[in-house]
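**Student:** Sharing a structure, written as structure tokens. Questions coming.
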Amino acid sequence: MDSQRESVFAMLDGLTDELLWQRPAPREWSIGEILDHNYLLFASFYPVVNRMWTWLGWYGRLRRSRPYKTEIEDLYRSPKFPQWVGFLWTPRFNTRKPVSLAQLKEEMRDLHTNVRRFYEGKDEDVLGNLYLYDPLFGWCNLIVTLRIGIYHDQLHFDDVVKQVSAFRR
């Protein structure tokens, strides 16, 4: 999570605010919008995961001896995955309401730090036996939920890399 984020942030060094908010085509998101969308997805699931641990951790501890998955296929790369669901996390900032790249970076770093702190030191057997339901992915334990978030970030970080590369030509 941290390394993929920081590698993309390094590519953005020197990017002007104008380019940060420039859309590559009509109805496509700018780099700033993509970064904010990634932030919003993690920000929407982190409180749910946190509450799940707080309220139902006892249940996971009861089930800790049961097997669980730690891997999931990156469904975001499947041609069958419905990419249109991104509207559920429409960016807060856009070409009409821009913020600095520094603010976007700070918000995402702070959120990722909170997520990392949540997972560090937790009993994997308990995390693996607490499940959330996602309409697209089905029942996912808290380990797989984190992996899905990382896959989602990478999907859109790849879009950022393409846009930055186009700007630098």
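**Student:** Do you know which residues across the range 1-52 are hydrophobic (A, V, I, L, M, F, W, C), in a helix (DSSP H, G or I) and more than 13 Å from the chain's Cα centre (by Cα)?
**Tutor:** V8, F9, A10, M11, L19, L20, I31, V48, V49, M52
**Student:** Can you pull out the residues in the range 102-136 that are more than 15 Å from the chain's Cα centre (by Cα) and outside any helix (DSSP H, G or I)?
**Tutor:** Across the range 102-136, the qualifying residues are E120, G121, K122, D123, G128, N129, L130, Y131, L132, Y133, P135, L136.
**Student:** Could you tell me which numbered condition V164 fails, if it satisfies all but one of (1) modelled with pLDDT of 95 or more; (2) open to solvent by less than 50 Å² (accessible area, probe 1.4 Å); (3) hydrophobic (A, V, I, L, M, F, W, C); (4) under 27 Å from M11 (Cβ atoms)?
**Tutor:** Single failed check for V164: (1).
**Student:** Within the range 110-135, can you find the residues that are open to solvent by 60 Å² or more (accessible area, probe 1.4 Å) and free of Cβ contacts under 8 Å to residues at least 60 places away in the same chain?
**Tutor:** D110, R117, E120, G121, E124, Y131, Y133, P135
**Student:** Moving on. Only one of (1) in contact (Cβ under 8 Å) with a residue 40 or more places away in the chain; (2) over 17 Å from D123 (Cα atoms); (3) surrounded by fewer than 17 Cβ atoms within 10 Å (Cβ to Cβ) fails for R64. Which number is that?
**Tutor:** Checking R64 against (1) in contact (Cβ under 8 Å) with a residue 40 or more places away in the chain; (2) over 17 Å from D123 (Cα atoms); (3) surrounded by fewer than 17 Cβ atoms within 10 Å (Cβ to Cβ), the one that fails is (2).
**Student:** Of the conditions (1) surrounded by 11 or more Cβ atoms within 10 Å (Cβ to Cβ); (2) farther than 26 Å from R116 by Cα, A25 satisfies every one except a single condition; which number is it?
**Tutor:** (1)
**Student:** Suppose the filter is buried (at least 17 other Cβ atoms within 10 Å of the Cβ), farther than 21 Å from K162 by Cβ and at pLDDT 95 or above; does Y59 pass it? So that I can check it myself, show each step before the final result.
**Tutor:** Numbers: buried (at least 17 other Cβ atoms within 10 Å of the Cβ): no; farther than 21 Å from K162 by Cβ: yes; at pLDDT 95 or above: yes.
Against the criterion (buried (at least 17 other Cβ atoms within 10 Å of the Cβ), farther than 21 Å from K162 by Cβ and at pLDDT 95 or above), Y59 does not qualify.
**Student:** Kindly list the number of the only condition in (1) at pLDDT 95 or above; (2) farther than 29 Å from E120 by Cβ; (3) aliphatic (A, V, I, L, M) that fails for V49.
**Tutor:** (2)
**Student:** State all residues of the range 136-145 that are open to solvent by 20 Å² or more (accessible area, probe 1.4 Å) and touching a residue at least 40 places away in the same chain (Cβ under 8 Å); if no residue qualifies, say none.
**Tutor:** L136, F137, I143, T145
**Student:** Taking T70, is it without any contact (Cβ under 8 Å) to a residue 12 or more places away in the chain and either in contact with a Leu (Cβ under 6 Å, 6 or more places away or on another chain) or β-branched (V, I, T) (or both)?
**Tutor:** No; evaluated as a whole, the condition is false for this residue.
**Student:** Within the range 89-101, work out how many residues are open to solvent by 70 Å² or more (accessible area, probe 1.4 Å) and part of a helix (DSSP H, G or I).
**Tutor:** The number of residues fulfilling the criteria is 0.
The values are calculated or read from the model by the stated rules, or taken from the named source; none is laboratory data. As the structure is a computational prediction, the values presented were derived from the model and not from experiment. Virtual Cβ from ideal backbone geometry, glycine too; neighbours counted across all protein chains shown. Heads up: the accessible areas ignore ligands, DNA and RNA and are worked out on the full protein's heavy atoms, side chains in. Shrake-Rupley method; radii C 1.70, N 1.55, O 1.52, S 1.80 Å.
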